[in-house]
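Here is the structure we will look at, set down as C-alpha cells.
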Amino acid sequence: MKIIVSIKQVPDTSGKVSVNPDGTLDRASMQTITNPDDMNALEAALKIKDATGCKVIVVTMGPAPAAGMLREALAMGADEAYLASGREFGGSDTYATSQILAAAINTIGVEKDDIVMCGRQAIDGDTAQVGPQIAEKLHLPQVTYAADIQKDGDTITVRRMLEDGYMTIKVKTPCLITCIKELNTPRYMSVSGVFEAYSKPMTTFDYEALKDDPLIDKTTIGLKGSPTNIFKSFTPPQKGAGIMLEGNDRATCDKLASILLEKHII
Ligand SMILES: Cc1cc2nc3c(=O)[nH]c(=O)nc-3n(C[C@H](O)[C@H](O)[C@H](O)COP(=O)(O)OP(=O)(O)OC[C@H]3O[C@@H](n4cnc5c(N)ncnc54)[C@H](O)[C@@H]3O)c2cc1C
C-alpha cells in the first residue's frame, strides 16, 4: 500500500507581498513555502504510515527549485519524491496542471490499496479544482474537505467539513482525498530526517518521461493546452476607513439609520 501526496510550492503570503506593474505576483522577491493544506495532507499520510508502515510518495509539478520543497517532505518522513518539470508544462491552468499531475501519478502507479491525497486549495491559485480534477482523470472516487480520516483495511472513513456541520463518508481504496487544516497539526522535520532526506530517491519527470501517458500531448498541457487564460489581474483598491458611531441613545440610532438609508442598505 502507498499514499501519493500532491504538494505545491507557493509564495509565502504571510510576509511582504509584492505585485508587478502588470498585476501579477512578483514571485522572485517572495519566499516560498509548501502550500499549507498540502502539509495537512502530508501529515495525514505520515500518520497512516506510522500506523501501517505504508510508503508515502510526494509529487509536485513546478520549476526546478520545487525540489527543495520535496526534500523537506522527505525530511518529514516521506519515502520518495517526484518532480514533474519542463518547459512544455509552463503556463498551465488548473485543467492542464491536473492533466500533468494525473499523468505523473499514473506513471508512479495507483494500485488497489492506494490513496492519493491533495490539499483542498492552494493559497496562490485558490481554485480548489486540481484535486477533484486529478480524481476525475484517474477515474478515482474522491472525498473532499477531509477533517478526519480513519483507515480500516480497504475502507476509509472521512469526516468532511461543511459550512454548517459535518458529513461522514466511507470510501474504498483506491481513492483521492482532499485535506483541510482542521485535519491535524503537521510535524516538524527532525535533524535525522534532514540527513536521511538526501539519500531518499527523487525522480524528475520531464515531458519525455510523461509523453506516452494517454493524458499527455502538447494540446492538453502548458499554455496552449489551457482552456482558461488570465484576462486581467489587479489589486483591489483598499477599503476606506469605516465610520464609528458611539452611543446607545435614540439620536445615535437615528444617525445610523440615516447613513444606511443614504447608502441604500435599508
Ligand atoms: C485561469 C487561470 C490561468 C492560469 N494561467 C497560468 C499561467 O499562465 N501560468 C502559470 O504559471 N499559472 C497559471 N495559473 C495558475 C495555475 O493554474 C495554478 O497554479 C495551478 O493550476 C494550480 O491551481 P490552484 O493553485 O488553484 O490549485 P488548487 O486547485 O487550489 O490546489 C488544490 C490542491 O491541488 C494540488 N496542486 C495544485 N497545484 C499543484 C502543483 N503544481 N503541484 C502539485 N500539487 C498541486 C495541491 O494538493 C493543492 O492543495 C492559472 C490559473 C488560472 C485559474
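Conditions: (1) among the aliphatic types (A, V, I, L, M); (2) part of a loop (DSSP other than H, G, I, E, B); (3) open to solvent by less than 50 Å² (accessible area, probe 1.4 Å). Residue 244 meets all but one. Number of the miss?
All conditions are met except number (3).
Within region 126-147, take every residue that is out of contact with any strand residue (DSSP E or B) (no Cβ under 7 Å at 6 or more places or on another chain) and touching a residue at least 40 places away in the same chain (Cβ under 8 Å) and give me the one that is farthest from residue 94 (Cα to Cα).
If we take residues in region 126-147 being out of contact with any strand residue (DSSP E or B) (no Cβ under 7 Å at 6 or more places or on another chain) and touching a residue at least 40 places away in the same chain (Cβ under 8 Å), then 137 is farthest from residue 94 (Cα to Cα).
Regarding residue 256, is this residue surrounded by 10 or more Cβ atoms within 10 Å (Cβ to Cβ), farther than 28 Å from residue 97 by Cβ and of a type in the set (A, V, I, L, M, F, W, C)?
Judged against the criteria, residue 256 is a match.
I need a count of the residues in region 167-211 that are at pLDDT below 95 and touching a Lys or Arg at 6+ places or on another chain (Cβ under 8 Å).
Of the residues in that region, 0 qualify.
Taking interchain pairs and intrachain pairs at least six residues apart, which have beta carbon atoms under 7 angstrom, with the first residue in region 42-57 and within 17 Å of residue 112 (Cβ to Cβ) and in contact (Cβ under 8 Å) with a residue 40 or more places away in the chain and the second among the aliphatic types (A, V, I, L, M) and open to solvent by 10 Å² or more (accessible area, probe 1.4 Å)?
Hits for this filter: 52/1; 54/1; 54/48; 57/108.
Considering only residues that are more than 14 Å from the ligand (Cβ to nearest atom) and farther than 10 Å from residue 89 by Cα, which ones fall in region 217-237?
217, 219, 234, 235, 236, 237
Residue by residue through region 122-138, note down the ones that are open to solvent by 30 Å² or more (accessible area, probe 1.4 Å) and either in contact with a helix residue (DSSP H, G or I) (Cβ under 6 Å, 6 or more places away or on another chain) or not in a loop (DSSP other than H, G, I, E, B) (or both).
Passing the criteria: 127, 129, 130, 132, 133, 136, 137.
For region 11-117, please list each of the strands (runs of 3 or more DSSP E) lying entirely inside it that holds at least 1 residues being open to solvent by 40 Å² or more (accessible area, probe 1.4 Å) and near the ligand (Cβ under 10 Å from one of its atoms).
Filter on region 11-117 gives 55-61.
The values are calculated or read from the model by the stated rules, or taken from the named source; none is laboratory data. The structure presented is a predicted model; accordingly, all values stated were derived computationally and were not measured. In this analysis, Cβ positions are derived from the backbone assuming ideal geometry, glycine residues included, and neighbour counts consider all displayed protein chains. All accessible areas refer to the heavy atoms of the entire protein, side chains included, with ligands and DNA or RNA removed. Shrake-Rupley method; radii C 1.70, N 1.55, O 1.52, S 1.80 Å.
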